[in-house]
1. Considering only segment 144-168, state which residues are out of contact with any Phe, Trp or Tyr (no Cβ under 8 Å at 6 or more places or on another chain) and more than 16 Å from the ligand (Cβ to nearest atom).
2. Go over the candidates 208, 236 one by one and state the one that is open to solvent by 10 Å² or more (accessible area, probe 1.4 Å), in contact (Cβ under 8 Å) with a residue 24 or more places away in the chain and touching a Cys at 6+ places or on another chain (Cβ under 7 Å).
3. Quickly run through segment 470-510 and pick out the residues that are surrounded by 24 or more Cβ atoms within 10 Å (Cβ to Cβ) and free of Cβ contacts under 8 Å to residues at least 60 places away in the same chain.
4. How do the pairs read when you match residues in segment 251-272 that are touching a residue at least 40 places away in the same chain (Cβ under 8 Å) with residues anywhere that are β-branched (Val, Ile, Thr), using Cβ under 6 Å and keeping only pairs 6 or more apart or on different chains?
5. Can you tell me which of 64, 42, 57 is modelled with pLDDT of 95 or more and within 16 Å of the ligand (Cβ to nearest atom)?
6. Take the residues in segment 265-280 that are within 15 Å of the ligand (Cβ to nearest atom) and of a type outside the set (D, E, K, R); name whichever of them is surrounded by the most Cβ atoms within 10 Å (Cβ to Cβ).
Amino acid sequence: MFNKKIISFIALQLFLTTLVAQRSLPVYLDDAQPIEKRVEDALSRMTLEEKVKMVHAQSKFSSAGVPRLGIPENWMCDGPHGIRAEVFWDEWTQAGWTNDSCTAFPVLTCLAATWNPEMAALYGKSIGAEARYRNKNVLLGPGVNMYRTPLNGRNFEYMGEDPYLASRMVVPYVQGVQENGVAACVKHFALNNQETDRHLVNVNVDDRALYEIYLPAFKAAVIEGKAWAIMGSYNRYKGQWCSQNKYLLNDILRNEWKFDGVVISDWGAVNNTEHAIYHGLDMEFGTWGVDGYNQFYLANPFLTLLKSGQVQEAELDKKVRNILRLAFRTTMDRNRPFGSFASPEHSLAARQIAEEGIVLLKNDRQILPLNLEQTKKILIVGENAIKMMTIGGGSSSLKAKYEILPLEGIRNKIGSAASVDYARGYVGEKTAEQDGLTAADIIDHRSPEELIAEARKKAKEADMVIFIGGLNKHEGQDSEGSDRKELGLPYGQDNLIGELAKANKNLVVVILSGNAVAMPWANEVPAIVQTWYLGSEAGNALANVLTGEVNPSGKLPFTFPVKLTDVGAHAAGDFPGKDGEQVYRESIFVGYRWFDKNKIKPLFPFGHGLSYTQFTYGKPVISAKTLKANEILTVSIPVRNTGTKTGKEVVQLYIGDEKSSLPRPVKELKAFQKINLAPGEEKTVEFKISVNDLQFFDDRKHEWVAEPGKFTVYIGASSGDIRASVGFELK
Ligand code: GLC
């Protein structure tokens with residue numbers, strides 16, 4: 001009896017103490033309070049100096065918190081494909097830590113090539129967990145700039161030429177990252193479609209192309225993905241630098257899209273205090289040419305203006321509120337998960353994404369997958385079979401925990417079933433060092449003649465030759481800060497491929513790149529595989545597809561032109577612009593939109609990708625022949641696997657407006673579904689169409705409109721392989 005009384009008395013005391021303690025907890029520290037109340041409470045406790053410290057960097061990749069109030073610093077990290085290794089406090093130089101070797105995921109062009117939003121969710125969740133584990137609260141990615149030209153050095157970091165595909169793929173990625181309590185920072189907002197003169201170029205683009213092509217993926221990331229951060233780009237638009245641009249940041253991002261996250265500048269993209277204050281920027285990073293972070297445009301110059309009363313403190317508070325909201329969504333959310341790093345699960349995710357992103361472009365005589373019963377002597381030729389691709393390319397370069405290279409992956413997979421010999425074939429690599437990281441030394445001083453002679457001789461003796469080449473993320477070869485000068489492959493690869501085709505008819509060409517390349521040998525080569533910079537699991541993923549362990553299901557996220565002048569951006573001949581001006585003369589006709597309009601036959605069309613099995617499409621059925629504004633149409637179509645292997649098919653739906661008051665593309669991607677079918681299995685794929693899918697941006701009224709009239713639904717296995725079409729009318 002006595003004990004019971006004591007225990008209940010103590011319990012009561014404990015309860016009361018907690019209650020009192022809870023009540024005296026400041027609002028901004030109280031998880032139970034709504035975020036906006038916590039923001040206002042924290043703001044009210046901060047001094048002017050503390051607030052100014054928050055809106056600019058304090059180091060290469062961090063900005064100040066409020067130590068006095070226990071509000072943490074913000075730590076940013078590159079990049080879209082993995083968590084960049086630590087650099088010194090105020091330098092780009094590698095800090096040489098021993099605990100920051102990450103999982104290198106495939107590049108985002110590979111993710112786009114999967115056409116599988118589930119892969120995007122898996123990707124975001126995985127890379128977000130790695131950022132979280134490394135205690136970063138902002139991931140500087142994904143990038144969703146549109147692929148306007150195949151020369152753009154950073155296309156490998158982006159998601160292709162179509163705004164709808166990029167929109168569907170970026171949303172799950174952002175959501176996946178942010179479920180880890182890490183902000184996705186979608187970049188580079190906006191119109192950063194070339195690297196040439198990237199700090200200067202002023203993009204001249206009409207509103208239709210801006211709203212229909214270049215903004216949709218950013219808009220989807222913000223409105224559907226609820227992105228917590230956006231990075232302004234280096235270039236200019238309407239004469240203003242995009243990281244301090246009132247049209248993009250105030251008018252569109254804040255006022256039209258109601259964005260409530262933080263706007264971060266690109267590194268060194270701020271050059272004017274007044275524009276940085278009034279044009280929607282919240283955090284200035286990477287400014288150079290000033291002595292110390294206190295001299296950044298939003299540092300002492302801003303503080304001076306505030307103290308003199310020339311600028312109202314309310315302008316500062318707008319920025320700090322966004323930064324505090326970031327804190328409460330990330331570092332100050334006690335319930336967020338703890339992340340994980342370089343784990344087997346992330347390696348598996350990296351491999352699955354890579355396997356689903358590899359595109360089989362051509363496979364005559366079905367020489368793929370490798371038939372190891374008959375093929376006993378395999379020759380691998382090409383530098384990209386042995387070159388590390390997780391490093392290089394600029395800010396997305398990674399110090400990966402490991403990287404399985406193609407030759408290694410193929411040898412591991414084939415084992416003793418066949419001999420796998422190697423010939424260098426060509427040499428591109430002049431230095432083993434890229435972006436401060438050092439690859440295995442593969443320097444080779446032999447002459448091209450010697451290299452080709454060796455490859456030709458060995459090719460004659462092999463049952464099967466697999467050439468593995470492409471680009472290599474060095475300067476001018478798919479890298480930040482530089483564009484390619486031509487569509488063709490470097491280092492004499494075309495000539496070598498021609499020699500190999502003469503030496504052995506069983507030739508597979510595997511191209512590693514983040515951009516389309518010219519393929520003058522395409523008709524002489526029975527099989528062509530387009531693969532990407534696949535990250536840590538590269539060799540395993542490629543080997544699994546080549547051997548048929550995995551049935552390829554990737555589809556091109558951009559058009560492969562026969563020649564450069566077939567591309568809209570180059571037809572007018574003014575790429576990359578002059579005197580810092582670049583006019584997007586092709587307007588909305590980017591990618592397949594341009595090829596359709598001008599009836600140009602591409603080498604391989606947008607959305608193209610073969611399988612080791614075959615699919616037939618049946619007759620489409622449409623739920624009605626007319627559509628009213630508030631109704632939904634369904635279009636369904638049976639798809640059957642008529643081959644012998646289980647495979648995935650991406651069924652694509654395009655819509656064409658037969659008559660419009662403004663020019664429109666012949667057709668535009670408006671839906672897609674990736675389905676898995678066993679041999680003989682048939683599934684009916686159903687698409688829903690609403691009036692929103694029929695709209696175009698009327699820049700005369702500055703609004704989206706759908707005009708009554710006839711529309712055609714095209715359903716196909718690619719933009720160039722339409723299997724069925726059906727018409728309807730919008731009333
Ligand atoms: C770079 C890139 C940007 C990157 C940032 C930090 O210049 O443009 O994508 O996140 O600076 O490295």
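The values are calculated or read from the model by the stated rules, or taken from the named source; none is laboratory data. All figures in this text were calculated on a predicted structure; none of them were measured in a lab. Every residue, glycine as well, gets a Cβ built from its backbone with ideal geometry; the counts of neighbours run over all protein chains shown. For accessibility, only protein heavy atoms count, side chains too; no ligands or nucleic acids. Shrake-Rupley method; radii C 1.70, N 1.55, O 1.52, S 1.80 Å.
1. Answer for segment 144-168, where residues must be out of contact with any Phe, Trp or Tyr (no Cβ under 8 Å at 6 or more places or on another chain) and more than 16 Å from the ligand (Cβ to nearest atom): 164, 167.
2. Values: 208 fails: touching a Cys at 6+ places or on another chain (Cβ under 7 Å).
Of the residues listed, the single one that is open to solvent by 10 Å² or more (accessible area, probe 1.4 Å), in contact (Cβ under 8 Å) with a residue 24 or more places away in the chain and touching a Cys at 6+ places or on another chain (Cβ under 7 Å) is 236.
3. Scanning segment 470-510 gives 471, 489, 497, 507, 509.
4. Within 6 Å, the pairs are 262/323; 263/230; 268/287.
5. On the way: 64 fails: within 16 Å of the ligand (Cβ to nearest atom); 42 fails: within 16 Å of the ligand (Cβ to nearest atom).
Every option except 57 fails the conditions.
6. Keep residues of segment 265-280 that are within 15 Å of the ligand (Cβ to nearest atom), which gives 265-271.
With the extra rule that they be of a type outside the set (D, E, K, R), the set shrinks to 265, 267-271.
Details: 265: 29, 267: 22, 268: 15, 269: 25, 270: 24, 271: 15.
Ranking the candidates gives 265 first.
This table checks each residue for (1) more than 16 Å from the ligand (Cβ to nearest atom); (2) closer than 21 Å to residue 73 by Cβ; (3) among the aromatic types (Phe, Trp, Tyr).
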| residue | (1), (2), (3) |
| --- | --- |
| 283 | no, yes, no |
| 286 | no, yes, no |
| 289 | no, no, no |
| 295 | yes, yes, no |
| 312 | yes, no, no |
| 317 | yes, yes, no |
| 320 | yes, yes, no |
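Here is a yes/no grid of residues against (1) more than 16 Å from the ligand (Cβ to nearest atom); (2) buried (at least 18 other Cβ atoms within 10 Å of the Cβ); (3) among the β-branched types (Val, Ile, Thr); (4) farther than 30 Å from residue 717 by Cα:
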site: 52; (1), (2), (3), (4): yes, yes, yes, yes
site: 81; (1), (2), (3), (4): no, yes, no, no
site: 84; (1), (2), (3), (4): no, yes, no, yes
site: 89; (1), (2), (3), (4): no, no, no, yes
site: 93; (1), (2), (3), (4): no, no, yes, yes
site: 98; (1), (2), (3), (4): yes, no, yes, yes
site: 125; (1), (2), (3), (4): yes, yes, no, no
site: 133; (1), (2), (3), (4): yes, yes, no, yes
site: 136; (1), (2), (3), (4): no, yes, no, yes
